[in-house]
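What follows is a single structure, written as structure tokens, with notes after it.
Derivation of every value follows stated rules applied to the coordinates shown; laboratory data play no part. Remember, it's a predicted structure, so these values are computed and weren't measured experimentally. Heads up, the Cβs are rebuilt from the backbone with ideal geometry, glycines too, and the neighbour counts pull from every protein chain shown.
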Amino acid sequence: MSWILVALVGYSFLAFSSLSDKFLLSEQRIGAPALYAFFIGLTSLPFLALVPFGFVLFIPAAIATGVLSGFLFLYALLESYLAIKRSEVSRAAPLIGVTTVGFLFLLSMSSVVLSGKIVRLTDVLALALLAGGAMLLATGGHGVSGPGFVRYVLISGILFALALVALKESYYFSDFATGFVWSKLGIVLAGASLFLFPSFRKDILSGHDRFEKPVKQKLGTAVFFFLNQVFGGLGTLAVSYSVSLGPATFVQGMEGVRYGLVFLLAMVLSARFPAIFREHISHRETIRKLCAIVFLALGVWLVSTGTGLESFL
């Protein structure tokens with residue numbers, strides 16, 4: 001199966017997960033990003049079910065890179081939650097994605113210079129269209145954001161890029177099942193490591209206060225969290241598998257498809273939940289967003305016509 005198709009399926013699931021993140025991070029639900037990240041770490045344990053499917057226990061290089069990938073991923077996720085709380089979900093997510101793609105591109109170009117490989121102009125154009133489409137989705141409007149927003153975006157994007165590189169290396173040293181399981185164990189360990197930070201520990205340990213809500217509200221939060229984990233789990237599995245098949249830089253570049261879906265879905269949900277899914281958009285902004293979706297479609301098409309892309313990480 002083509003890595004492009006697998007990536008598209010994965011990002012479709014993750015679009016629903018992004019919207020659930022914004023809902024669950026509202027003060028009426030879970031609220032604290034550290035507590036939410038801790039829950040994400042715990043819910044990575046079910047992926048151990050992949051152990052019987054080709055998992056190899058002792059490959060030191062795969063263990064090191066896989067666990068490192070998981071650690072980097074969870075802390076990138078935490079930074080992204082902090083950014084999402086401070087802005088529109090359809091703005092924060094694309095900016096983080098563009099930062100990730102940009103950093104991966106710089107790493108790829110460094111590898112090209114050192115190895116003497118050749119980069120095709122159409123490949124660079126495809127990546128530029130994907131990143132440009134994501135940037136158009138993220139810019140414009142009123143720019144609602146809180147303190148530290150840019151810092152959280154930059155740190156999250158860089159950590160996501162490094163996590164992808166480490167995950168790709170883990171697959172190189174072993175296979176998909178082995179690298180993926182070790183990365184999930186890394187996420188679990190990273191979740192536990194949040195207790196080492198006083199502010200995060202306080203948010204996690206005081207979590208029970210956040211659930212002193214009416215039974216109906218607590219039930220709604222539980223249902224949304226479960227659905228979020230189902231969509232996020234399936235999306236992560238598909239995207240991780242596509243990274244094992246194709247270049248991580250372009251797999252990440254295609255995340256713009258996720259942002260396009262987030263924008264379209266957020267527009268629908270903002271009418272029902274304006275306090276959570278606020279989207280400040282005019283007719284001019286609508287045209288901008290639609291142009292972004294066209295850029296993304298052209299970028300995906302160019303990637304699908306590519307012959308190698310082997311010069312990229």
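First select every other residue whose beta carbon is under 9 angstrom from the beta carbon of G97; then total the charges, Lys and Arg +1, Asp and Glu -1. Write out the running numbers ahead of the final one.
Details: positive: R258; negative: E255.
The answer is 0.
Set the Förster radius R0 to 41 Å, insert the Cβ-Cβ distance between L264 and F58 as r into 1/(1 + (r/R0)^6), and round the FRET efficiency to 0.05.
Details: r = 46 Å, r/R0 = 1.12.
Efficiency, rounded to the nearest 0.05: 0.35.
Under a point spin-label approximation (7 Å from Cα along Cα-to-Cβ), what is the F226-F197 distance to one decimal in nm?
3.1
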